[in-house]
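> Structure provided below as structure tokens; questions to follow.
The values are calculated or read from the model by the stated rules, or taken from the named source; none is laboratory data. Just so we're clear, the structure is a prediction, and the values are computed from it rather than from any experiment. With ligands, DNA and RNA removed, areas are computed over all heavy atoms of the protein, side chains included. Shrake-Rupley method; radii C 1.70, N 1.55, O 1.52, S 1.80 Å.
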Amino acid sequence: QVQLVESGGGLVQAGGSLSLSCAASGRILVINDMGWYRQAPGKQRELVATITSGGSTNYADSVKGRFTVSRDNARKTMYLQMNSLKPEDTAVYYCNAYIYAITGGRNYWGPGTQVTVSS
């Protein structure tokens, strides 16, 4: 079956960098739009960045200029390069993708990976 799995989370000091990956697997026909979301303790889940199958990107204002989203369609993998990290970036980061299988298309979520930025 289709699944998404994030990797690369961890602990980093403020001002540092971290890179996340999201790998899709299973009987996938095509992956359309993908995105990164995050949820901090006591807060709603929020959009961080999106990327289309053609590579067009959008970012939340809070991460513009610091984060870069990219994807490798052949590897069915999306990435998030995070630079100049701030304590307020601390959250569980989730991968999201709209994926078509033989049963049709639907939205999928990964289980999340923890990013902690210390001050």
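> Using only the alpha-carbon atoms of segment 74-119, report the extent along each of the three principal axes, biggest first, to the nearest angstrom.
47, 20, 11
> So if I restrict to the alpha-carbon atoms in segment 54-99, what is the Rg, and what is Dmax, the biggest pairwise distance, in Å?
Considering segment 54-99 through its Cα atoms, Rg and Dmax are 11.8, 34 Å.
> Of the residues S62, S17, S84, which exhibits the maximal mean-square fluctuation in a Gaussian network model of the chain defined by a 10 Å Cα contact cut-off?
S62
> I would also like to ask the following. What's the carbon and sulfur percent of the chain's accessible surface, probe 1.4 angstrom, rounded to a whole number?
Numbers: 3010 of 6380 Å².
Here it works out to 47 percent.
> Based on the Cα gyration tensor of segment 1-72, what are the three equivalent ellipsoid semi-axes, each the root of five times an eigenvalue, rounded to whole Å and given largest first?
Working: eigenvalues 103, 47, 34 Å².
Taking √(5λ) for each eigenvalue gives 23, 15, 13 Å, largest first.
> Okay, next question. How big is segment 43-119 along each principal axis, measuring the range of its Cα positions in Å and listing the largest first?
That gives 47, 23, 21 Å along the principal axes, largest extent first.
> Pairs of Cα atoms under 8 Å, at least six residues apart: use those to get the relative contact order of the chain, whole percent. Before the final figure, lay out the partial values.
Numbers: 299 pairs, mean separation 43.2, N = 119.
Worked out over the chain, it gives 36 percent.
> Check the straight Cα-Cα distances from K86 and name the aspartates and glutamates below 19 Å, setting aside those fewer than 8 residues away within the same chain.
Cα-Cα hits under 19 Å: E46, D61.
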